[in-house]
Amino acid sequence: LRAHIHLDPQAVVAPVRRRTFGSFVEHLGRCVYTGLYEPDHPTANPDGFRMDVVDLVRELGTTTVRYPGGNFVSGFRWEDSVGPRDQRPVRRDLAWHALESNQVGLDEFARWLKLTDSELMLAVNVATRGILPALDLLEYANHPSGTALSDLRVANGTPEPHDVRMWCLGNEMDGPWQTGFMTADDYGKIAARTAAAMKMADKNLELVVCGSSGSGMPTFGDWERTVLEHAYDHVDYVSCHAYYQVHDGDLGSFLASANDMDYFIDTVLATADHVGHKKRSAKKINISFDEWNVWYLEEHMASQEAGDEWRHAPRQLEDVYTVADAVVVGNLLMTLLKRSDRVTSASLAQLVNVIAPIMTEPGGPAWRQTTFYPFSITSRLASGEVIRPATETPAYATARHGEASVVDAVATVDEDRCSVFLVNRDLRKSAQVTIDVRGLGSSHIAEAVTLADADVYAKNTLAEQHRVTPYANTSAALADGVVTIELPPVSWTAIALR
Ligand code: AHR
C-alpha cells in the first residue's frame with residue numbers, strides 16, 4: 001500500500017486557531033467531582049483541585065474550556081453556584097438524573113482554568129430561564145465593579161472580572177432529550193433576543209447559537225437555516241456537535257468518521273452562507289465545533305438505569321478508549337485543522353472521566369487514555385498556518401460514510417517547523433508514504449511518533465495505565481527533500497520537521 005503527499009507552502013488554508021484545541025467540562029458524572037475537584041485527594045490544592053489532573057490537562061494542551069454544560073446547563077441556576085459554599089443548595093440535575101452540590105461554580109472553575117492557562121467559554125441557560133438571568137450572569141462575570149452583581153462577585157472573593165469572551169446560547173436545543181427543548185422557530189427567536197440583549201452590554205462578545213446535535217438529526221439543515229434567519233445579525237458562531245462510535249463491529253466505517261465531520265461542516269457552512277446571502281449580509285458565521293469525540297452512545301443508552309436513585313457524582317459515560325478510538329480522535333482533529341478557515345473554535349467533549357482523555361480514581365491516580373496522545377501531540381506541534389496537502393492515496397468503500405481515502409493527512413507550517421499529521425485507516429496493511437517537502441527547506445526530522453498496536457482494541461486502564469503509548473517511528477527518513485515513512489495499519493502519526 002503506497003501513498004504520496006505533496007506539501008506546497010503556498011496552499012495555505014488559514015492560521016492554526018488555538019481555540020481548535022478546546023475542551024469541555026460539564027457538571028456530569030465525575031467530570032468535576034472526583035475528577036477536577038477532590039478536596040481530600042493527596043494532590044489537592046487549597047481550592048480542592050487535584051494538581052495531578054491539572055498537570056495532565058496542561059500536557060494535553062487545551063486552550064478554551066466550555067462550561068458548565070452540556071445538557072446540564074438547561075436546568076442550571078447559576079446563582080446557586082456562587083457565594084459561601086456552605087450556603088449553596090443541593091439541586092436535582094434532571095439531564096443526568098443526579099444531585100448537584102454546587103460546591104464548584106463559576107468563580108472556582110475560573111480559578112482552576114488559570115492553573116491550566118485556558119480560556120473560559122460559558123454557556124447560559126436559554127432553555128428554562130431567559131434573557132434576564134443571562135444578563136445577570138454576564139454582569140456577575142464580566143462587569144468590573146460598582147453594580148449589584150459585579151460587587152457580589154468582588155465580595156465573593158474575585159475582584160477582577162472573568163472577562164469571558166465566548167458565550168453559548170443554550171445547548172442542543174434541537175434535541176428532544178434537552179430539558180425545555182424547542183422548535184427551531186421558537187429557539188431562533190429567543191436566541192436572537194438573548195444575543196441582542198447581551199451585545200447591548202458588550203458588543204464585542206462572541207456568541208454561539210445552537211446548531212444541530214449531529215448530522216443525523218431529522219431537522220439537520222432546516223434547523224440551522226431557521227435559527228440563523230432569526231439570529232444571524234446577533235451571533236458570531238453556529239455550533240456543531242458530533243459523536244462517533246463503532247457500529248456492529250464495522251471498523252472500516254468508524255475509521256472514516258472524519259468524512260461525516262467534513263460533510264457536516266460543508267452543509268452547515270452552505271446553509272449559513274445561504275442565509276447570509278438572503279440577508280445581503282457581508283458578515284460570515286463561523287463554526288464552533290463545541291462537542292466532538294468518540295462516544296459509545298448506543299451502549300450508554302442500553303445501560304441507562306431505570307432506577308429512581310439520585311446520587312452525587314455517579315460514574316456515568318466513563319468510556320474506556322481503544323487504539324482505534326484514538327486514531328479516529330486524531331483524524332477528527334486533523335479534519336478540524338483542515339477546516340480552520342471557518343471552524344475557528346472546537347471543544348473535545350469532555351475533559352476528565354466523562355468520555356474523556358483523562359481518567360481519575362477517587363483518592364488514587366490520574367492517567368491518560370489512548371485518545372489523550374493524538375490531542376496533546378497535535379496541540380503541541382500544530383503552529384503557524386494550516387497547509388492542505390495534495391494526497392495520492394488508495395481509497396476504500398465504507399457502509400456508512402461512502403468512499404474514504406486510506407491515508408489522510410494535514411500539515412502546519414511556521415518559520416522553523418513543519419508538522420505533518422497522518423492516519424492509515426487500512427485494517428491490515430502498512431502504508432509506505434512519501435512526502436515531498438522540497439518547497440519547505442526542512443533539513444531534518446525532529447520527531448516522528450506513531451500510535452498503533454497489534455491489538456487495535458488495546459486500552460489504558462487503572463490496572464494498566466501505560467498499556468498504550470505513542471512510540472518513535474524509526475522508519476521515518478528525510479533525503480533530497482522527500483520524507484519516507486511506514487504507517488502501520490490503523491495508526492495515527494505526527495512528524496515534525498525542522
Ligand atoms: O457530552 C455529553 C452530552 O452530549 C452533552 O451534555 C450534550 O450536549 C450532548 O448530548
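Readers should treat all values here as calculations from the given coordinates under stated rules, not as data from a laboratory. Treat the numbers as computed from the prediction; the structure is a model and nothing was measured. Glycine also receives a Cβ, built like all others from the backbone with ideal geometry; neighbour counts cover every protein chain displayed.
Could you please rank 177, 112, placing first whichever residue has the fewest other Cβ atoms within 10 Å of its Cβ? Walk me through the intermediate numbers first.
Details: 177 10, 112 26.
Going from sparsest to densest Cβ surroundings: 177, 112.
Using a simple spin-label model with pseudo-atoms 7 Å out from Cα toward Cβ, residue 204 and residue 284 lie 2.3 nm apart.
Here the scattering of segment 174-213 is modelled by Debye summation over its C-alpha atoms, one equal scatterer each and no solvent; at q = 0.13 Å⁻¹ the log10 of I(q)/I(0) is -0.31. At full extension, residue 380 and residue 183 could sit 66.8 nm farther apart than now, given 0.36 nm per residue minus the alpha carbon distance.
Over segment 17-381, Cα pairs under 8 Å with separation of 6+ residues give a relative contact order of 23 percent.
Applying the Karplus relation 6.51 cos²θ - 1.76 cosθ + 1.60 with θ = phi - 60° to segment 253-266 yields 3J(HN,Hα) values of 5, 4, 5, 9, 4, 4, 4, 5, 4, 4, 4, 4, 4, 4 Hz, where x marks Gly and Pro. With θ taken as phi - 60° and the Karplus curve 6.51 cos²θ - 1.76 cosθ + 1.60 applied, the whole-hertz 3J(HN,Hα) list for segment 149-165 is 7, 5, 5, 5, 4, 4, 4, 7, x, 10, x, 8, x, 6, 6, 6, 8 Hz, x standing for glycine and proline. With the simple model of a label 7 Å out from the Cα in the direction of the Cβ, residue 85 to residue 45 spans 1.4 nm. Sequence-distant contacts, meaning Cα pairs under 8 Å at least 6 residues apart, place the relative contact order of segment 58-102 at 31 percent. Spin-label model, residue 309 to residue 114: label points 7 Å out along the Cα-to-beta-carbon direction sit 3.9 nm apart. What share of Cα pairs, in percent, lie more than 16 angstrom apart in segment 14-94? Within segment 14-94, distances greater than 16 Å cover 64 percent of Cα pairs. For segment 155-310, place one equal point scatterer on every Cα, skip the solvent, and apply the Debye formula. What is log10 of I(q)/I(0) at q = 0.12, 0.18, 0.20, 0.21 Å⁻¹? Log10 of I(q)/I(0), two decimals: -0.61, -1.08, -1.23, -1.30.
From least to most packed, judged by other beta carbons within 10 angstrom and beginning with the fewest, 38, 361 follow the order 361, 38. Counting neighbouring beta carbons within 10 Å and listing from fewest to most, the residues 445, 5, 387 come out as 445, 5, 387. Taking amide H as placed 1.01 Å from N in the peptide plane, residue 473 has its amide H under 5 Å from the amide H of 448, 449, 450, each at least 5 places away in sequence or on another chain.
Each principal axis of the chain carries a Cα extent, and these read 67, 58, 45 Å when sorted largest first.
Which value at 222 nm does the chain reach when only helices count, each DSSP H run of 4 or more adding -39,500 (n - 2.57), with the total divided by all residues and rounded to the nearest 500 deg cm²/dmol? Before the final figure, lay out the partial values.
Details: 11 runs with 129 residues, N = 498.
That calculation yields -8000 deg cm²/dmol at 222 nm.
Taking the DSSP beta bridges with both ends in segment 17-381, the antiparallel portion is around 20 percent. Filter the cross-link list 203/279; 284/459; 114/203 down to pairs whose alpha-carbon distance in this structure exceeds 32 Å. As for pairs spanning more than 32 Å Cα to Cα, those are 284/459.
For segment 325-400, the spread of Cα positions along the three principal axes, ordered from largest to smallest, is 50, 35, 19 Å.
Couplings 3J(HN,Hα) for segment 109-121, derived from phi with the Karplus relation 6.51 cos²θ - 1.76 cosθ + 1.60 (θ = phi - 60°), are 5, 5, 5, 4, 4, 4, 5, 9, 6, 10, 9, 8, 10 Hz, where x marks Gly and Pro. Counted residue by residue at 0.36 nm each, then reduced by the alpha carbon distance between them, the extension gain from residue 58 to residue 438 reaches 133.4 nm.
In terms of its Cα atoms, segment 26-173 spans 40, 36, 31 Å along the principal axes, sorted from long to short.
What is the Rg over Rh value, at two decimals, for segment 259-403, using alpha-carbon atoms and the Kirkwood definition of Rh? Working shown, then result.
Numbers: Rg = 18.7 Å, Rh = 18.1 Å.
Rg/Rh for segment 259-403 comes to 1.03.
If you scale each eigenvalue of the Cα gyration tensor by 5 and take the root, what three semi-axes come out for segment 425-494, rounded to whole angstrom and sorted largest first? It would help to have the intermediate numbers written out before the result.
Working: eigenvalues 158, 40, 11 Å².
The equivalent ellipsoid of segment 425-494 has semi-axes of 28, 14, 7 Å.
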